[in-house]
Amino acid sequence: SRSQNKNRKANQETSPATAIVMASRSGARRALAAIVGANFAASPSPSSPSPSIAATSSSSSSCARARASASSFFQRRAIASSSSCSSSCSSSSSSAPAPALGGSRVEPRRRILPMLGLSSAASGVRCEGTQTPSEQEPEDKLIWLEEVLGEEALAWVKAQNEKSVAAFGNIEESEEYKRILAILDSKEKIPYVGRIGEYYYNFWQDAEHKRGLWRRTTIAGYKSGQTKWETVLDLDELSSKEGVTWVYKGANVLDEGIDKTPQRALLTLSPGGSDAVVLREFDLETKQFIPESEQGFVVPESKSRISWISRDEVAIGTDFGPGSLTASGYPRVSKIWRRGQPLSEAVTVFEGKKEDVAASQHCSLDRGIYHEFRIRSLDFYHRSYWYRRRDPAKSSLDPAQGEFREVPVPTDVDVDTFKDTFLLTMRENWTLPGEGSRVFKKGSLLSIGIEDAMAGKFEKARVVFEPTPRRSLMAKACTHNYMVLNVADNVNASLHFYKYVGEGKFEYQEPPAGQQAIPIGCDVQVRAVYPKTLDDIFLIKDGYLEPDKLEIASAKDCATTTETLYSKPHLFDSTNLMVEQHQATSKDGTKVPYFMIRHKEMEFNGSNPTLVDGYGGFEIPLLPGYAAGVGAVWLQRGGVKVVANIRGGGEFGPEWHQSALRENRCKAYEDFEAVGRDLIERGVTRPECMACIGGSNGGLLVGNMLTREGAALWGSIVCQVPLLDMKRFHKLLAGASWMAEYGNPDVPEDWKFLKNYSPYQRIHDVCLQPGSTWKAPETLFTTSTRDDRVHPGHARKMVKRLQDDVPPEKANTVLYWENTEGGHGGAADNGQRAFMWALVYRFLWATIGEKAKPDCKLLSKL
């Protein structure tokens, strides 16, 4: 998918209980801390086909929010709807499942829509399909392209890559490539950090360190502005020595208490960038791996999940052999593994079902209390929890630890901890039993003492946050004594502070008068500096036109007084650029907000090259963030960038997401088309000058833009690491874990609606039917051979079908680029990222840019 390489940023603390739900709430959950390189108490849950990101996080925190990984440095931000507040460093996961995984008043221009035969209300195919796809599903003759490393398939890929590169000349000599690479390799990036003991840790990539450095510095040195870094692990050196292209995915650090210096970590390394990873124990003092010959914990490549129990004991879920994985390819069995014991002799303690997404056991240390959970992820949005308080002096297998008890909450409630308190996030309305009992609204955050919760006394629960139709909880960060909520009001952020006063209670802290609001088009992320003992917070501020700034503040005074630690310089000239927020009206009357970034002198003559970005799935919101690549090679040259906050995302909480699930998926596509029409009506652009871009689930979005009647809205399309064959998505890699989002194609009732938004089938069943006037916009597909989340077969088969079965006059430009490394992010290092994005932007300028040139005076002026 499309990440924004912020080397990023705000890591929120995550307890084992919450960790498993985080990625399901946002593929972005694991992103930020690639720069930090340490995962504390994290156990991300099944991955959505969403922003692919590096799974790491900071001291006493696992990232809850992200702008996904470096490859999507151009695109969008995504965040988790909640982040955990455990202060432990003890538990984490390696490659847990993640999602499939982003003004001024103007005179409207309404002449173009009737000319296209489109109404301003809607012209897309209805959710149930304006044309009924064939009931007879023909045999798929292109399944051979699903053989990822098949000789014939790779020969086809090679030919397609050569064709795409030839279309644009030597990419590495292009100005786009040079500019993008210079930005990615800039040493002026902010070195975001996470605290481990008495050090700040950071993960860093630049021109000299393509694979990256995991490094650390003293706390005083970091604040001084004259930081001296000590290398902990050199990934380039390791890759060269071992002959493997290692991609760093994070470090899970053992927490033995506040009085002990952290010494051990489990490093998560991915060969080539895939979701499947290798786990290797690492000594933070000697800065060396501990090999199996010295009884180190080492786990072979798999989509594993692991949690420290003690120095000599871990809870491990991995591929133990036949039957040990779920249908989604994630651990079904959790075992306790003791140091020196062969992995094959680890003791099974917990099992989920084959049809579950995953099952796991996790332990964390939270403000002096050891929590231990067992969790079954029933699907992407439902899970069951079992809990016990653990005695750290005893083995997890010791009967004296006591039994796990099921947490008596609905399966759509997310469970998190803060000391002796559960924090509960509602995904559905919850009515307590009994006459006249309370109803907790979906999207609300509750607090309740753990003992009261385990006893079922939920009448004692307190509502910390309750949403409104346009106001939702984006994330939370917890210091030692405070909880900070990041709340979005019409996709504009604000911070709210609560103090923990004991017995499951938080008190709202009234901010001082005159506190400045966050401007439109800007955002703020919050991360606790060291919640084990401190109430300090990092504030990461940026916006579409505002570079990142890292500040430190205190939750005690609601961050009234801040100190700037680092500021990123402007990496493109934004002097004459501006941000506006508008809303379009979708087919059913729903108001759909979108951001537009443009030149101040832009003329509203329908001739501006405009790129529309969207995602619309897995409750992942697209929020403002600095994307220097977009600015340097698109905005600064006169292009317009639009970010559409369509249904299916998390901009307005669970309701906004759920309104576009399964049979209602087309609501997201109608929203996106409505934004396109609104841009035309405003006179911003016209169809031949407008493109759309999307990755992963967003690739499914733009795949539908390609195959719906609304294809007439777009001059070109960029479709990245996409889902496209919804008949087989659940049989490919992690696809089975996404059936709660889309449906099960093996169930006839589900396939009736799924086939209406399955682009691969729509080509034959709708687009090429007699009487169809459909014509494909010029399209570029990109993916990665190493993507083991969304199968590259989706893009391969779609391109092959478009090239072979569609007459040239209906699809005259279909290009394809497949990187051989990079995983779901599409690239493994900055050079690959720069190449991919240079190719994308050269394609956009060659398509909609060229068509805009004759009429767009701004382009020639710039």
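The values are calculated or read from the model by the stated rules, or taken from the named source; none is laboratory data. Here the structure is a predicted model, which means the values were calculated and not measured. Reconstructed Cβ throughout: ideal geometry from the backbone, glycine too, with neighbour counts over all protein chains shown. These accessible areas exclude ligands, DNA and RNA; they are computed on the full protein's heavy atoms, side chains included. Shrake-Rupley method; radii C 1.70, N 1.55, O 1.52, S 1.80 Å.
Here are the numbers:
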item	result
Within the accessible area of region 692-828 (1.4 Å probe), percent carbon and sulfur	50
Over 31 Å (Cα to Cα) - which of 441/667; 549/641; 353/394; 442/797; 556/600; 241/394 fall in this group	442/797; 556/600; 241/394
³J(HN,Hα), Karplus 6.51/-1.76/1.60, whole Hz, each residue of region 439-455, x for Gly, Pro	10, 8, 6, 4, x, 7, 10, 10, 10, 7, x, 4, 5, 5, 5, 5, 8
Listed residues 590, 576, 605: farthest to the positive end of the dipole of region 571-611 (Cβ charges)	590
Integer Hz, Karplus 6.51/-1.76/1.60 couplings in order for region 605-619, x for Gly and Pro	10, x, 10, 9, x, 10, 10, 10, 10, x, 9, x, x, 6, 6
Computed E for residue 166/residue 820 - FRET, C-beta separation, R0 22 angstrom, nearest 0.05	0.75
Apportionment of accessible area to carbon and sulfur, region 494-651, percent (1.4 Å)	47
q = 0.16, 0.23 Å⁻¹: log10 I(q)/I(0) that the Debye formula gives for region 284-393, counting C-alpha atoms only	-0.76, -1.27
³J(HN,Hα), Karplus 6.51/-1.76/1.60, whole Hz, each residue of region 214-226, x for Gly, Pro	9, 9, 8, 8, 6, 5, 5, x, 5, 6, 6, x, 10
With every protein chain in place, region 307-445: carbon and sulfur % of accessible area (1.4 Å)	48
Principal axis dimensions, largest first and in whole angstrom, of region 573-708 by Cα	42, 27, 23
Over 22 Å between alpha carbons, listed pairs 476/568; 419/457; 187/476	476/568; 187/476
Approximate spin-label separation residue 557-residue 855, in nm, with each point projected 7 Å along Cα-to-Cβ	5.6
Estimated FRET transfer efficiency when R0 is 51 angstrom, pair residue 149-residue 187 (beta carbons, to 0.05)	0.85
Extension gain from residue 451 to residue 764, taking 0.36 nm per residue of separation minus the Cα-Cα distance	106.9 nm
Extension gain (nm, one decimal) between residue 591 and residue 744, 0.36 nm per residue minus Cα-Cα	52.1 nm
Percentage relative contact order, region 193-242, counting C-alpha pairs under 8 Å, at least six apart	30
Spin-label zone in region 491-532 - amide nitrogen under 15 Å from a point set 7 Å from the Cα of residue 432 along the C-beta vector	504-505
For residue 440, net neighbour charge (Lys/Arg +1, Asp/Glu -1) across residues whose Cβ lies under 13 Å away	+1
Accessible area in square angstrom per residue, region 697-856, 1.4 angstrom probe	25
Accessible area per residue in Å² at 1.4 Å probe, computed on region 577-651	18
Rounded accessible area per residue of region 129-251, 1.4 Å, Å²	51
Candidate residues 466, 281: accessible-area rank, largest first, probe 1.4 Å	466, 281
FRET efficiency, 1/(1 + (r/R0)^6) with R0 22 Å, evaluated for residue 664 and residue 772 via beta carbons	0.35
Residues in region 464-492 reached by a label modelled at residue 501 [backbone nitrogen below 20 Å; 7 Å Cα→Cβ]	464-466, 478-485
Amide proton proximity set for residue 252, modelled H, under 5 Å, gap of 5+	39, 266, 267, 268
Coarse-grained scattering of region 430-560 at q = 0.11, 0.23 Å⁻¹, given as base-10 log I(q)/I(0) from a Debye sum over alpha-carbon atoms	-0.46, -1.43
